[in-house]
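First up is the structure itself, then whatever we jot down about it.
The values are calculated or read from the model by the stated rules, or taken from the named source; none is laboratory data. Just so you know, these numbers come straight off a predicted model, no measurement behind them. All Cβ positions, glycine included, derive from the backbone under ideal geometry; neighbour counts span all protein chains shown.
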C-alpha cells in the first residue's frame, strides 16, 4: 500500500513538474514592428576579386538591392552601385580586373540587362541594350577573354547563346536556338553545349551539341525522367549531369564525351541538386536537398577524398563559391531564425570567418521561432511533410490562431529557412504550417507526380488535412485557422475559399492565379520551351482540359467565397497578370464579403522593395487581427 501511495505521489510530482516546465517554456517574446524585422539585410555573394581580398556582393540595406564590395580582412563595405529605383544584382568580376558585371530589370518586368562597371568608377555600360529582351550570364571562356550570354533578342520565344569579347563587347552568335531548347550548360571552350527539351513536367531530353561538327547527340533515354547538365571538365572530355532515371531521387552521372560511356558518379538518399567544379578542378561540391534543407559535400576532385569543414549551428548552406586561386571559399549560410550571412573559409587553415551580420541588432534571435520538420497523414493516408513554426507564446492556456502556408509552383517546396514575413506573424502569435503538398519537389519522383492534371484536388486536400493537424494541437485555436500563399499558393488559397468554403476562416492571396485558361494562354514568350511541359502538368487550355481548368479557376467560382479575403498584386507581374486579381476582387465584392486589395505599381512577381514588403506585412497583420484572431493579444 505504501509503495502504491509513493508511486502516486511520484506521478503527481512528475506531472506538476512537467506542467511547470511547459509554463516556463511558453512566453511572450519581445514584440517587433514590421520595420524592425524588415530592417534585416539580405545579402548574397557573387565572387572573389583577383587576390581573394574582397568579395562582390548584393545587399539591400538601402531598401533595394545594390552592388557592394566586402573587404575580407575587416568586413567593411563599399557601395558600388547607387540605384534608387530598380534592384541591381552582382554577377561576377572580370578576370584580373576591377571591372564587374551586374544585372537589372525594370520594375520587376523580368527583362534583365547586363551592365559593366569598374569598382573605382560610377560609369555604367549596358552590354545588352536590346529592348524587350531577357539576358543571362552563362560563364567565361577558357581564356577568360570572352563572356557567354543567353538572350532572346532575336526571337522573344527562344534563347540563343552569344559570345561577347571583353574588349569590344560585340555579340557573336554561337548557337541559334530554333527548337525550343533550354541551354543547360556550356563548356569553357565553347565547343560543347548541353541542351534540354521539356516533354512534360516529369520528363525532358538531354542533348550534347558539338559546335564544330554541328551535330546533336541525345544523352537521355525515353524513360520518364528529368535530366540537367551540372559541369564540364576543362578539357572537354567529361560532362557531369543529374537525372532521376530509374530512381526516385536525382543523382550525378559522369559522361565521357570521347567514348560515350556514362556511369553513375554520386547519389544520396535525397535529391542531389547539382555538382560544381572549382576553377582548376581541384575541388568539387555536391548540393543535396535533405528534407527541406541543404547538405553540402566537398571533395578533392583528383583523390575523391571528402573534405570536412566547420559546421554552423542550425545552419543551412545556401550557396558556395570557390575562389579562382582555390585557396578560399565563400559560403552563404542561413537559419530559420536569421537571414543568410556570408562566411569566408580558408581551406588550408580550416578557418571559417563570419563576414556579415544581417539580423537587425534590435532583434534578438531568442525572440524568434525555430522551424521544425513535421509529417502528418492526409485524407488518403499519404504522409505529407511540412515545415512548422510554433509561436513562443503558444500554450494550452494561451491558444493561438494559425495559418496554413502554401508555396509557389506548381512543383515548389517550402524549406527550412528564414522568412521575414513568417517571423513577423510568428512574433505576433500566429502559428504557421508550411505544407509540402503532393506535387512538391524534393520528396521523390512519385510524390512529385501525384498532382499532375489534378491541381485543386488532392494537393488542396493535403492543405485541408494540414489544417486538421493544426487544429489537433492543444495550443491552437481551432476556430481561427486561415490559409496563406503566393502565385500557385495564392491559387490554392482562392480554391480553398471557393471549393471548400467552410474550411478556412480567412484567405491571404499574393498574386495568385484566378483564371488558368487565361494564365496558360498568356505566359511570357520566353517560356516557350517550357510551354509543352506546363500544359502537360496543368492541362492544355485549347483542349478538352479546359473543362477541368475552368473548374479549378477561382474566377468562375467567386460566388462561393464567403470568408474575408485580402489580395496583393504587383502591377508589372508578367506571370500572373494584374487583371487576374482585379477580377477576383471585383467578383468577391458582389458577395458582400470583406475583401481588401493592395496593388504595388513598381513590383512584379514578388515584392523586392523594402517599403512594399513592410506595407504588405502590416496590412496582412491588420487583416488577420481583424478577421482571424478570436482572442485578445497577450502582452
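Observations, loosely collected:
- The criterion of at least 2 residues that are over 30 Å from residue 610 (Cβ atoms) and modelled with pLDDT of 90 or more is met by the following helices (runs of 4 or more DSSP H) wholly inside the range 486-570: 488-499, 516-521, 545-551.
- Among residues of the range 40-82, those that are under 23 Å from the mean Cα position of the chain (by Cα) and in a loop (DSSP other than H, G, I, E, B), counted: 9
- Taking every residue in the range 614-635 that is over 17 Å from residue 36 (Cα atoms) and pairing it with any residue that is in a helix (DSSP H, G or I), at least 6 positions away or on another chain, the pairs with Cβ-Cβ distances below 9 Å are 624/425; 633/625.
- When residue 624 is tested against (1) closer than 30 Å to residue 475 by Cβ; (2) surrounded by fewer than 19 Cβ atoms within 10 Å (Cβ to Cβ), only condition (2) is not met.
- Residue 401 vs. criteria outside any strand (DSSP E or B), touching a residue at least 24 places away in the same chain (Cβ under 8 Å) and touching a helix residue (DSSP H, G or I) at 6+ places or on another chain (Cβ under 8 Å): no
- Listed by position, the strands (runs of 3 or more DSSP E) inside the range 83-144 whose residues that are out of contact with any helix residue (DSSP H, G or I) (no Cβ under 6 Å at 6 or more places or on another chain), without any contact (Cβ under 8 Å) to a residue 60 or more places away in the chain and within 24 Å of residue 71 (Cα to Cα) number at least 2 are 89-93, 99-104, 113-118.
- Residue 411 being out of contact with any helix residue (DSSP H, G or I) (no Cβ under 8 Å at 6 or more places or on another chain) and either touching a residue at least 60 places away in the same chain (Cβ under 8 Å) or surrounded by fewer than 21 Cβ atoms within 10 Å (Cβ to Cβ) (or both): no
- Taking the criterion of being within 18 Å of the chain's Cα centre (by Cα) and surrounded by fewer than 19 Cβ atoms within 10 Å (Cβ to Cβ), the residues of the range 274-291 that qualify are 290, 291.
- Residue in the range 240-248 that is in contact (Cβ under 8 Å) with a residue 40 or more places away in the chain, in contact with a helix residue (DSSP H, G or I) (Cβ under 9 Å, 6 or more places away or on another chain) and surrounded by fewer than 18 Cβ atoms within 10 Å (Cβ to Cβ) present: yes
- Some residue of the range 564-571 being more than 30 Å from residue 40 (Cα to Cα) and more than 21 Å from the chain's Cα centre (by Cα): yes
- Checking residue 77 against (1) closer than 22 Å to residue 147 by Cβ; (2) surrounded by fewer than 19 Cβ atoms within 10 Å (Cβ to Cβ); (3) at pLDDT 95 or above, the condition it does not meet: (1)
- Matching entry among 548, 531 (being under 22 Å from the mean Cα position of the chain (by Cα) and either surrounded by fewer than 23 Cβ atoms within 10 Å (Cβ to Cβ) or more than 30 Å from residue 158 (Cβ to Cβ) (or both)): 531
- Scanning the range 580-610 for residues that are over 22 Å from residue 557 (Cα atoms) and over 21 Å from the mean Cα position of the chain (by Cα) returns 599, 600, 601, 602.
Here is a yes/no grid of residues against (1) at pLDDT 95 or above; (2) buried (at least 24 other Cβ atoms within 10 Å of the Cβ):
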| site | (1), (2) |
| --- | --- |
| 416 | no, no |
| 427 | yes, yes |
| 433 | yes, yes |
| 436 | yes, yes |
| 455 | no, yes |
| 472 | yes, no |
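- Strands (runs of 3 or more DSSP E) wholly inside the range 297-377 that include at least 2 residues being touching a helix residue (DSSP H, G or I) at 6+ places or on another chain (Cβ under 9 Å) and modelled with pLDDT of 95 or more: 371-377
- Filter pass, residue 445 being in contact (Cβ under 8 Å) with a residue 60 or more places away in the chain, more than 21 Å from the chain's Cα centre (by Cα) and farther than 28 Å from residue 400 by Cβ: no
- Checking the range 142-150 against the condition returns a match, with at least one residue being under 27 Å from the mean Cα position of the chain (by Cα), closer than 30 Å to residue 442 by Cα, modelled with pLDDT of 95 or more and buried (at least 17 other Cβ atoms within 10 Å of the Cβ).
- With respect to the conditions (1) farther than 30 Å from residue 630 by Cβ; (2) assigned to a helix (DSSP H, G or I), residue 421 lacks only one, and its number is (1).
- Candidates 248, 279, 263 - the one that is over 29 Å from residue 416 (Cα atoms) and at pLDDT 95 or above: 263
- Test: residue in the range 150-158 that is closer than 19 Å to residue 92 by Cα and touching a strand residue (DSSP E or B) at 6+ places or on another chain (Cβ under 7 Å): yes
- Among the residues of the range 581-620, those identified as surrounded by 16 or more Cβ atoms within 10 Å (Cβ to Cβ), in contact with a helix residue (DSSP H, G or I) (Cβ under 7 Å, 6 or more places away or on another chain) and part of a helix (DSSP H, G or I) are 583, 584, 587, 588, 610, 613, 614, 617.
- The set of residues in the range 319-337 that are within 19 Å of the chain's Cα centre (by Cα) and without any contact (Cβ under 8 Å) to a residue 40 or more places away in the chain comprises 331, 333.
- Residue match in the range 296-315 (condition: buried (at least 16 other Cβ atoms within 10 Å of the Cβ), in contact (Cβ under 8 Å) with a residue 60 or more places away in the chain and within 25 Å of the chain's Cα centre (by Cα)): no
- Among the numbered conditions (1) more than 28 Å from residue 402 (Cβ to Cβ); (2) surrounded by fewer than 20 Cβ atoms within 10 Å (Cβ to Cβ); (3) modelled with pLDDT under 95, the only one that residue 633 does not meet is (1).
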